[in-house]
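J.: Okay, handing you the structure first.
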Amino acid sequence: MVKIEDYAPIVGDGAIETIKKMAEIIRGEKAVHVNATSYGGGVAEILNRTVPLARALGIDVSWQTLKGDTDFFTVTKKMHNALQGDQDVSIPSEEFGMYLKVNDENASVLDLDADVVVIHDPQPLPLIRHRKRGKWAWRCHIDTSTPNNAVWSMLEPMVRMYDLTIFSMERYIPKGLPVPAIIDYPTIDPLAPKNASMKPEEITRVLERYGVDPDRPLIGQVARFDPWKNPMGAIDVFRKVRSAVPGVQLAMIGAFAKDDPEGAEWHERVVKYVGMDKDIFVLSNLDGVGDLEVNAFQRAFSVALQLSKREGFGLTVTEALWKGVPVVATRAGGIPLQVIDGTTGFLTDGIDDAAGKTVLLLRRPWLARELGEGGKDHVRLNFLITNGLSNYLRMHIELVGKMG
Amino acid sequence: MIIMSLQKFLTKTATLEINEPLLMALELMSYGRHPYRILVTNGEGKVVGIITGRRALEVLMGVRGTGMAKKKGLRRTLEEAVRIFMDESHEIFLEDVGIEALLKFMVENSIGYTVIVDQSRRLKGIIHEVTFLERLRGKRFNASTGDFMSREAITLSSGASVRNGGRAMVEKRVRRLPIVDSEGRVTGIVTIGDILRFILSEAKAQDSLELDIEEISRMPIEAVSSKKVVAARPEEDLGEAAERMLDNEVSGMPVIDAENRILGIISRIDVLKAIVSVVGIETLKAEIDG
C-alpha cells in the first residue's frame, strides 16, 4: 500500500512533514469525489493515485463514479466540447432533461453524505441539487476560457450552488462567476506504474510485443482519440519527419473511456488515416496497452508530440517530461507552463514547425538529452502529486473551517 | 545554447517560515516596499509555498469556502500558521536555468515572477518582471500603450465600501481597482495592499478579542484608497509606461484619456509581453544581457 513517506526521496522530508501536519487537522473527516469514469483520461488518473494516498493519511475519502448509458455520455461529451469552445453545439431541452434525470438516479445510489464533496467536470455537476450536508466543490478540468455561452448558461445556475470552484488555469475561470474560484494545477504520481522507473529490458519487451523496432527511433503522441488532441496533425508531423529521418517510427497511444463515446469513431478515423503505413502504431487499452505499457512507450520516445488544439492541462506532457523526454507541442492549455521553448522542449506554431523541431531533436541527441533533463527537473519542482495533495488538504481544511 | 548566469539577475524577496502566523504575512505585505507575494520556507530555508495578497484577502474577507475568518473569528485566523493558507508554488526553477528560459516562461504564461532554488530547494532569490524592465530603461519601442492595454477595466464607484472593494478584487481576480465617478473619471485607486494594511491597522487598534470583519469593512473605500493615481496615456510608448510603473513602484496602472476617463488597464507583465511581441525575444535578450 502506498505511503506518503515513500515520496520523501523525491520531494524531501519537509514537504512530507507539511502534508502530515495538515492531514492531522482533518483526520477522520469524510470526503467524497465523484467523476464520470474510473479509467481513461487525466481525472481518473489523478483520483486513482490521490484518493488512496489521502486514505493512508487517515482521511475517510471515497471515489465514486457516475453510471450512465451511451446516450447520457453522448450528451455530456457534447457539453464537454461546448465548454471547451465548440460554438456549434446545442443541447435540446429533452437531452438536458435526460442529463438531469440520470444524475437524479445516481444521487439515490451514491453516498454523498460527507463533510466535503468534490464533483469533477460537467457530467455529475447536477448532483449538487441533492446536497444534504457538507461543503461542495466543483472541480472543472476543462479549458473553459471561451465556452459556448448557450451551453454554459444551462450549467451555470448549478455551478452557482457550489461553495467553491476549482480550475486548472487562471484564464479558465468563467467571467462573472460569483462563486469563489481557486487554481489547482494537475499533477502526476512519480511512483505510479505509469511513471515509475523501468528496466531497459522491460521497455524492450513491451516494444517488441507490439512489433515496434527498438533499434529505430520512435516518436509518439499519448492522448485520447479526440479531435481536440489533433491526432491527424501528429501523423502529418511524423510523415514530414520521416522524409528527413528515414527509419523513424510513430506510436499513437490512446485509451477508450466510458464517458467518451466519440473515442471509437475517432480511433477508426485515425486508423483509416494511417492506412497501410507499417511505421505507425495505433494502440489503445483494447490492445492491452495499460499503464505499464504507456510508461514503456513514453520512455522509448526520442521525442514526445502533443499537437492538441485544446487541453485541460496536458498531463501526458507532464508524464513525458518526467521521463526525461523532450516534448514538441502546441501552446494549448497548460502546455506552456510545462514546455519551455528551448529548455524542456519546443513550442510550435504548426505542422511544418513541429516537424522541423522534431527532426532537430532526432539529429542532435545531445540537445534532446539536455532538454529532457530540464523537463524532469521542471516536473520534480512543480508538478508532482505531493503538490496536488497539499492543495486538496488545504481546500478541505478551509472549507470545513478547521484549525490546527 | 549558452546559459547566461542568473546571479546578476537574482533579487532578494520577503520570506516567512511555515509555522509563522498569517498576521506576520500581513505585516510583511504592509511595510517597506509592500511585497504582494511572500515565499514560505521551512526551517531549512527550502521553498514550500507562497502566499499572495489576494490569498490573504480571500481568507480575511471569508470569501473562500465557509470562510475560516467568519467561523473562527478574525483574530484567531490571523494567529493561525501560514501553512494552511499558502498555495503551492508552481514557478520554481533551478539556479542553472538560463535567463532566456525564464523570460519565455513568464511571457508565455503572463506570470510576473519565478522562484530560483538550488538542487535541494533552498531559496536563492527570485527573478521578476521588474528585473527585465529595469534593464530596458531609456528604451523606446515605437509601440503605443493603448494598443496593448486590457480594455476590460474593472472599476469601483466612489460610493463603494471597503467590503465591496475587497470582494470585487477577489471575485474578479485583480490586484487594483480604479475608483471612478458617475462620468467614468478616475478619482482614485485602491489596491489589495491598501485593504490588507487597513485590516491590519484595525486589528492592532482594537483591543477586543473578537474582531468583526463585517463591521470594519463597512468603511467607505475612500478611507483606504489613494487619491494620487499613477496612470498612462494611450499614445505613450511602452517604454515610458514601463518607467512610470518602475518609478512609482506599482505593478499596473489605468490608461486614461485627456478628460481623465478610464480606457483600460496595463500591468508590468502586459508591457513585458508587448515588448517581446514588438522586438522579438532575441533582441530583448541581447538588450537585457547588455
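The values are calculated or read from the model by the stated rules, or taken from the named source; none is laboratory data. Remember, it's a predicted structure, so these values are computed and weren't measured experimentally. Neighbour counts run over all protein chains shown; Cβ positions are idealised from the backbone, glycine included.
J.: Which numbered condition in (1) within 14 Å of chain B (Cβ to nearest Cβ); (2) free of Cβ contacts under 8 Å to residues at least 40 places away in the same chain; (3) crowded, with 18+ Cβ neighbours inside 10 Å; (4) of a type outside the set (F, W, Y) is the only one that A:E29 fails?
T.: (2)
J.: Among the residues of region A:192-204, which ones are surrounded by fewer than 17 Cβ atoms within 10 Å (Cβ to Cβ) and either in contact with a Phe, Trp or Tyr (Cβ under 7 Å, 6 or more places away or on another chain) or free of Cβ contacts under 8 Å to residues at least 12 places away in the same chain (or both)?
T.: Within region A:192-204, A:S197, A:K199, A:P200, A:E201, A:T204 qualify.
J.: Here is a further query. Filter region A:84-110 down to the residues that are among the aliphatic types (A, V, I, L, M) and more than 30 Å from A:S308 (Cα to Cα) and list them by number. Please lay out each step first, then the result.
T.: In the first step, residues of region A:84-110 are kept if they are among the aliphatic types (A, V, I, L, M); the result is A:89, A:91, A:98, A:100, A:102, A:107, A:109-110.
Residues satisfying the conditions are A:M98, A:L100, A:V102, A:A107, A:V109, A:L110.
Results for (1) touching a Ser or Thr at 6+ places or on another chain (Cβ under 9 Å); (2) surrounded by 20 or more Cβ atoms within 10 Å (Cβ to Cβ), shown as yes or no for each residue.
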| site | (1), (2) |
| --- | --- |
| A:S38 | yes, no |
| A:I59 | no, yes |
| A:M79 | no, yes |
| A:Q87 | yes, no |
| A:A114 | yes, yes |
| A:I128 | no, yes |
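J.: Another question, if that's okay. Look through region A:303-324, keep the residues that are in a loop (DSSP other than H, G, I, E, B) and under 14 Å from the mean Cα position of the chain (by Cα), and return whichever of them is surrounded by the fewest Cβ atoms within 10 Å (Cβ to Cβ). Please lay out each step first, then the result.
T.: First, the residues of region A:303-324 that are in a loop (DSSP other than H, G, I, E, B): A:307-314, A:323-324.
So of that shortlist, the ones also under 14 Å from the mean Cα position of the chain (by Cα) come out as A:308, A:310-314.
Numbers: A:S308: 26, A:R310: 21, A:E311: 26, A:G312: 26, A:F313: 26, A:G314: 28.
Selected residue: A:R310.
J.: Same structure again: Of all residues in region A:27-48, which are of a type in the set (K, R) and touching a Lys or Arg at 6+ places or on another chain (Cβ under 9 Å)? Steps first, answer last, please.
T.: Looking only at region A:27-48, we keep the residues that are of a type in the set (K, R), and these are A:27, A:30.
None - no residue of region A:27-48 is of a type in the set (K, R) and touching a Lys or Arg at 6+ places or on another chain (Cβ under 9 Å), so the list stays empty.
J.: Now for a different question. Pick from B:T77, B:T13: which is surrounded by fewer than 23 Cβ atoms within 10 Å (Cβ to Cβ) and of a type in the set (V, I, T)? Please lay out each step first, then the result.
T.: Details: B:T77 fails: surrounded by fewer than 23 Cβ atoms within 10 Å (Cβ to Cβ).
Matching residue, one of B:T77, B:T13: B:T13.
J.: Moving to a separate point now. Sort out which residues of region A:367-403 are of a type in the set (K, R) and at the interface with another protein chain (Cβ under 7 Å from one of its Cβ atoms), and write them in order of number. Let's see the steps before the verdict.
T.: Taking region A:367-403 as the starting set, the residues that turn out to be of a type in the set (K, R) are A:369, A:376, A:380, A:394, A:402.
Listed by number, the list holds a single entry, A:R394.
J.: Assuming A:Q84 fulfils every condition listed in (1) farther than 30 Å from A:G290 by Cα; (2) touching an Asp or Glu at 6+ places or on another chain (Cβ under 6 Å) apart from one, which condition is it?
T.: So A:Q84 meets the others, but not (1).
J.: Which members of region B:29-40 meet the condition of being out of contact with any helix residue (DSSP H, G or I) (no Cβ under 9 Å at 6 or more places or on another chain) and surrounded by 17 or more Cβ atoms within 10 Å (Cβ to Cβ)? Give the steps one after another, and end with the answer.
T.: So the first thing to find is which residues in region B:29-40 are out of contact with any helix residue (DSSP H, G or I) (no Cβ under 9 Å at 6 or more places or on another chain), and the list is B:32-33, B:39.
Correct list: B:L39 only.
J.: Also: Condition first: within 14 Å of chain B (Cβ to nearest Cβ) and crowded, with 17+ Cβ neighbours inside 10 Å. Can you find one or more residues in region A:64-73 that meet it? Break it down into steps so the answer makes sense when it comes.
T.: Going residue by residue through region A:64-73, those that are within 14 Å of chain B (Cβ to nearest Cβ) are none.
No, region A:64-73 contains no residue that is within 14 Å of chain B (Cβ to nearest Cβ) and crowded, with 17+ Cβ neighbours inside 10 Å.
J.: Here's a follow-up. Scanning for something among the charged types (D, E, K, R) and without any contact (Cβ under 8 Å) to a residue 24 or more places away in the chain, does region A:312-319 turn up at least one residue?
T.: Applying the first criterion (among the charged types (D, E, K, R)) to region A:312-319 yields A:319.
Filter once more, keeping what is without any contact (Cβ under 8 Å) to a residue 24 or more places away in the chain: none.
Checked region A:312-319: no residue is among the charged types (D, E, K, R) and without any contact (Cβ under 8 Å) to a residue 24 or more places away in the chain.
J.: If a residue must be touching a Gly at 6+ places or on another chain (Cβ under 8 Å), away from chain B (no Cβ under 11 Å) and within 26 Å of A:E398 (Cα to Cα), how many such residues does region A:147-167 contain? Don't jump to the end; show me each part of the working.
T.: Initially, region A:147-167 is screened for residues touching a Gly at 6+ places or on another chain (Cβ under 8 Å), giving A:147-148, A:163-164.
Then keep just the ones that are away from chain B (no Cβ under 11 Å); that gives A:147-148.
From what is left, the residues that are within 26 Å of A:E398 (Cα to Cα) are none.
Result for region A:147-167: 0.
J.: Applying the selection to region A:157-192, what residues are in a helix (DSSP H, G or I) and modelled with pLDDT of 95 or more? Don't jump to the end; show me each part of the working.
T.: The initial filter retains those residues of region A:157-192 that are in a helix (DSSP H, G or I), namely A:157-159, A:170-172.
Of everything in region A:157-192, those that are in a helix (DSSP H, G or I) and modelled with pLDDT of 95 or more turn out to be A:P157, A:M158, A:V159.
J.: What's the total number of residues in region A:273-319 that are in contact with a Ser or Thr (Cβ under 9 Å, 6 or more places away or on another chain), over 26 Å from A:R364 (Cα atoms) and small (G, A, S)?
T.: Count: 1.
J.: Quick check, is B:S89 among the polar types (S, T, N, Q), touching a strand residue (DSSP E or B) at 6+ places or on another chain (Cβ under 7 Å), under 30 Å from B:I281 (Cβ atoms) and modelled with pLDDT under 90? Please lay out each step first, then the result.
T.: Details: among the polar types (S, T, N, Q): yes; touching a strand residue (DSSP E or B) at 6+ places or on another chain (Cβ under 7 Å): yes; under 30 Å from B:I281 (Cβ atoms): yes; modelled with pLDDT under 90: yes.
Yes; evaluated as a whole, the condition is true for this residue.
J.: Still on this model: Just one of A:A332, A:A244 is in contact (Cβ under 8 Å) with a residue 12 or more places away in the chain and within 14 Å of chain B (Cβ to nearest Cβ); which is it?
T.: Details: A:A244 fails: within 14 Å of chain B (Cβ to nearest Cβ).
Every option except A:A332 fails the conditions.
J.: Scanning for something in contact with a Ser or Thr (Cβ under 7 Å, 6 or more places away or on another chain), part of a helix (DSSP H, G or I) and modelled with pLDDT of 95 or more, does region B:248-262 turn up at least one residue?
T.: Applying the first criterion (in contact with a Ser or Thr (Cβ under 7 Å, 6 or more places away or on another chain)) to region B:248-262 yields B:251-252, B:255, B:262.
Those left that are additionally part of a helix (DSSP H, G or I): none.
The answer is no; no qualifying residue exists.
J.: Let me ask something else. Check A:D341, A:D352 and return the single one that is away from every other protein chain (no Cβ under 13 Å) and over 23 Å from A:D189 (Cα atoms).
T.: The unique qualifying residue is A:D352.
J.: When A:A196 is evaluated against the numbered criteria (1) touching a strand residue (DSSP E or B) at 6+ places or on another chain (Cβ under 9 Å); (2) in a loop (DSSP other than H, G, I, E, B), which criterion, by number, is the only one it fails?
T.: (1)
J.: Turning to a different aspect of this structure: Given A:A82, A:A107, which one is more than 25 Å from the chain's Cα centre (by Cα) and not polar (S, T, N, Q)?
T.: On the way: A:A82 fails: more than 25 Å from the chain's Cα centre (by Cα).
Every option except A:A107 fails the conditions.
J.: Under 6 Å between Cβ atoms, which residue pairs at least 6 apart in sequence (or on different chains) link something in region A:374-390 that is over 18 Å from A:V118 (Cα atoms) with a partner that is outside any helix (DSSP H, G or I) and of a type in the set (V, I, T)?
T.: A:G374/A:T343; A:G374/A:T344; A:G375/A:T344; A:H378/A:T344; A:L381/B:I92; A:N382/B:I92; A:F383/A:T187; A:L384/A:T187
J.: Which of the residues that make up region A:1-19 are within 18 Å of A:E398 (Cβ to Cβ) and out of contact with any strand residue (DSSP E or B) (no Cβ under 7 Å at 6 or more places or on another chain)?
T.: Keep residues of region A:1-19 that are within 18 Å of A:E398 (Cβ to Cβ), which gives A:18-19.
The answer is A:I19, and nothing else.
J.: Of A:Y172, A:Y210, A:Y185, which residue is within 15 Å of A:D279 (Cα to Cα) and among the hydroxyl-bearing types (S, T, Y)? Don't jump to the end; show me each part of the working.
T.: Values: A:Y172 fails: within 15 Å of A:D279 (Cα to Cα); A:Y185 fails: within 15 Å of A:D279 (Cα to Cα).
Of the residues listed, the single one that is within 15 Å of A:D279 (Cα to Cα) and among the hydroxyl-bearing types (S, T, Y) is A:Y210.
J.: Going by what's in this entry, would A:V282 be described as in contact with a His (Cβ under 9 Å, 6 or more places away or on another chain) and either within 20 Å of A:K194 (Cα to Cα) or buried (at least 19 other Cβ atoms within 10 Å of the Cβ) (or both)? Before the answer, list the steps.
T.: Values: in contact with a His (Cβ under 9 Å, 6 or more places away or on another chain): yes; either within 20 Å of A:K194 (Cα to Cα) or buried (at least 19 other Cβ atoms within 10 Å of the Cβ) (or both): yes.
Judged against the criteria, A:V282 is a match.
J.: How many residues does region B:63-101 contain that are within 20 Å of B:V48 (Cα to Cα) and without any contact (Cβ under 8 Å) to a residue 40 or more places away in the chain?
T.: Count: 7.
J.: Further, regarding this structure: Considering only region B:172-215, state which residues are modelled with pLDDT under 85 and assigned to a loop (DSSP other than H, G, I, E, B).
T.: B:Q206, B:D207, B:S208, B:L209, B:E210, B:L211, B:D212
J.: Any chance region A:273-289 includes a residue that's closer than 19 Å to A:V212 by Cβ, in contact with a Lys or Arg (Cβ under 8 Å, 6 or more places away or on another chain) and not in a loop (DSSP other than H, G, I, E, B)?
T.: Within region A:273-289, none of the residues are closer than 19 Å to A:V212 by Cβ, in contact with a Lys or Arg (Cβ under 8 Å, 6 or more places away or on another chain) and not in a loop (DSSP other than H, G, I, E, B).
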